[in-house]
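Some notes on the structure that comes next.
The values are calculated or read from the model by the stated rules, or taken from the named source; none is laboratory data. Remember, it's a predicted structure, so these values are computed and weren't measured experimentally. So basically every Cβ, Gly included, is an ideal-geometry build from the backbone, and we count neighbours across all protein chains shown. In case anyone asks, the SASA skips ligands and DNA or RNA and just uses the protein heavy atoms, side chains included. Shrake-Rupley method; radii C 1.70, N 1.55, O 1.52, S 1.80 Å.
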Amino acid sequence: MLSNQASDGKRTSLHGHWSSRMAFILAVTGSAVGLGNIWKFPYVAGQNGGGAFVLVYLVCVVVIGMPVMMSEILIGRRGRRNPVATMELLGKEEGSSGNWRWVGSMGVIAGILILSYYSVIAGWTLAYVFKSASGVFAGATPDAVSAQFAGFVGNWKAVALCHTLFMGLTIFVVARGVERGLEQAVKFMVPALLILMFVLLGYAIQSGHFGDGVAFMFTPDFEKLTWDSVLAALGQAFFSLSIGMGAVMAYGAYLPEETSITGASAAVVTADTGIAILAGLAIFPFVFAGGLDPAEGPGLVFETLPLAFGGMGGGTFLATIFFVLLAFAAWTSAIGLMEPAVAWVVEHHNRTRAQASVIIGGLIWAIGIGSVLSFNILADFKFGAGTFFDNIDYLTSNIMLPLGGLLITTFAGWVMCRNSTSDELGSSGALYKAWRILARFIAPIGITFVLLKAVGALDWL
Ligand code: PHE
């Protein structure tokens, strides 16, 4: 295997480094901000009753998401390899065991599984670019918009085509490598998306139903909160922040020595959470204005946004731009989902980046066909959590990511010695102490408790 030990004893990454601190923050933000914020957050919040779910989500982000993100970055930077090799290396170096590599392996698998359905939904956004541009949504009624959506997802060939196109785009960028591929894709997308979200918010404020949207999102009704929705909130926090599967760890491997991990994490967590809340505030007013159901599921934004834009002056233009930006946001996230697997194939199987991207991308594409068919031919074929798509989503977001996060913080908090972590986090002050308490106790115990509660393993208490 290739070695990444430099002559001065510091390790360097085989895949290059970020050109600046800002480039890293943008890349992690690009990975974090995606369909999770704009497509998934509103519908999962809707299905779980709104306010109480949002509150639990925010608590999860701060007390669990933040320490897990910091742990992942610090582990990634210390190991400077793909997540599998990094966990193995550090496991041995810290006097534990090379078996920690299985945490990396689970992340590689989670990334592959998530991208398999993520690409299908991203494909929908590509289709909606063209639909919006054609003007079909101008002045459309709620029923017409819903019918458009049902007609589109019901046509498996169209959905498969869009999924194929999106995977092709993802393979293309990942094959080009860290600096040329990842950085360029991210620089413009996040700021542009943010601007458009504010435009949408401004329109939502005028819609006449803004108060209903705000009330739905921020009035907690704890009666509606079950342990299943607490787990959904935890899973959504992991999914939205891109943590628990090694994506952030892989990006951390390319992080320059002097960058502050705490500062970068805080910036990413704030941006990601802000955009999710913004999306909710922009979307729910139109859900109520159009008489739609907040619990309607994965189609929610594909029905509300066209409706919102359809009623606006210049709506055809803005809707087109919006779906282009959403496709971009999905694209930069997809890159993060594929990176651990690709870096692993490059390092372990001595393949070029291009070859690795095509092999892994092809595999993901094939698994994705199951999700393509979950909205049409196989829509009634249900088991476990529902359709094939529902099961992959549940397994990854609600089980694999929290489990990965649990193992990652346990590793950073208990296995790594104090010197190693304080060396990476660069301080021994109050912030470091807070991180250590969260990473050693609060996050692992919190995740374990929620997982056990949701599967009913604590019912005897
Ligand atoms: N965070 C991304 C989103 O919200 C999804 C993602 C998860 C990306 C895990 C990378 C790793 O859309």
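Per residue, how large is the accessible surface of region 29-102? Use a 1.4 angstrom probe and give square angstrom.
23 Å²
With the crude spin-label approximation of a point 7 Å out along Cα→Cβ, what separation in nm comes out for Asp212 versus Glu257?
5.9 nm
Starting from the Cα of Asp221, step 7 Å along the direction of its Cβ; do the same at Val59; then give the gap between the two resulting points in nm.
Placing both labels 7 Å along Cα→Cβ, they lie 1.9 nm apart.
Run the helix sum for the chain: -39,500 (n - 2.57) per DSSP H stretch of 4+ residues, divided by residue count, reported at 222 nm to the nearest 500 deg cm²/dmol.
Values: 22 runs with 313 residues, N = 461.
So the calculated ellipticity at 222 nm is -22000 deg cm²/dmol.
For region 328-461, what is the relative contact order in percent, using Cα pairs closer than 8 Å and at least 6 residues apart in sequence?
Taking the mean separation of contacting Cα pairs over the length of region 328-461, I get 14 percent.
Just the accessible area per residue of region 139-265, please: how many Å² with a 1.4 Å probe?
About 41 Å² of surface per residue is accessible.
Of the accessible area of the chain, with the probe set at 1.4 angstrom, what percent is carbon plus sulfur?
Details: 11110 of 16710 Å².
About 66 percent, which is the carbon plus sulfur part of the accessible surface.
Go through 186-192, 303-309 and give me the packing order, highest mean Cβ count within 10 Å leading.
303-309, 186-192
If the chain between Phe188 and Ile399 were fully stretched, how many nm would it gain, using 0.36 nm times the residue separation less the Cα-Cα distance?
The span from Phe188 to Ile399 would gain 72.6 nm if fully extended.
For the chain, what relative contact order do you get, as a whole percent, if you take Cα pairs closer than 8 Å and at least 6 residues apart? Can you show the working numbers first?
On the way: 771 pairs, mean separation 157.1, N = 461.
Once normalised by length, the contact order is 34 percent.
With angles folded into 0 to 90 degrees, how steeply does helix 443-454 sit against the dominant principal axis of the chain? Use alpha carbons for both and round to 10.
The angle comes out at about 50 degrees.
Could you please state, rounded to a whole Å, how far the C-alpha centre of region 387-460 is from the C-alpha centre of region 214-252?
Cα centroid to Cα centroid, the span is 13 Å.
Per residue, how many Å² of accessible area does region 307-376 show with a 1.4 Å probe? Intermediate results must be reported in sequence, preceding the final value.
Details: 2270 Å² over 70 residues.
Counting only protein heavy atoms, the per-residue value for region 307-376 is 32 Å².
Expressed as an acute angle from 0 to 90° and rounded to the nearest 10, what is the orientation of the C-alpha long axis of helix 83-93 relative to the principal long axis of the chain?
30 degrees
Would you mind computing, in nm to one decimal, how far apart the modelled labels at Arg351 and Asn419 are, each placed 7 Å from Cα along Cα→Cβ?
It is 4.0 nm.
Provide the net charge surrounding Gly46, with neighbours chosen by a C-beta distance below 10 Å and charges set as Lys +1, Arg +1, Asp -1, Glu -1.
-2
Which order do the peptides 327-339, 241-253 come out in when sorted by mean C-beta neighbours inside 10 angstrom, highest first?
Highest-to-lowest ranking by the protection proxy: 241-253, 327-339.
May I ask for the equivalent-ellipsoid semi-axes of region 18-92, computed as the square root of five times each C-alpha gyration tensor eigenvalue and listed largest first in whole Å?
30, 16, 11
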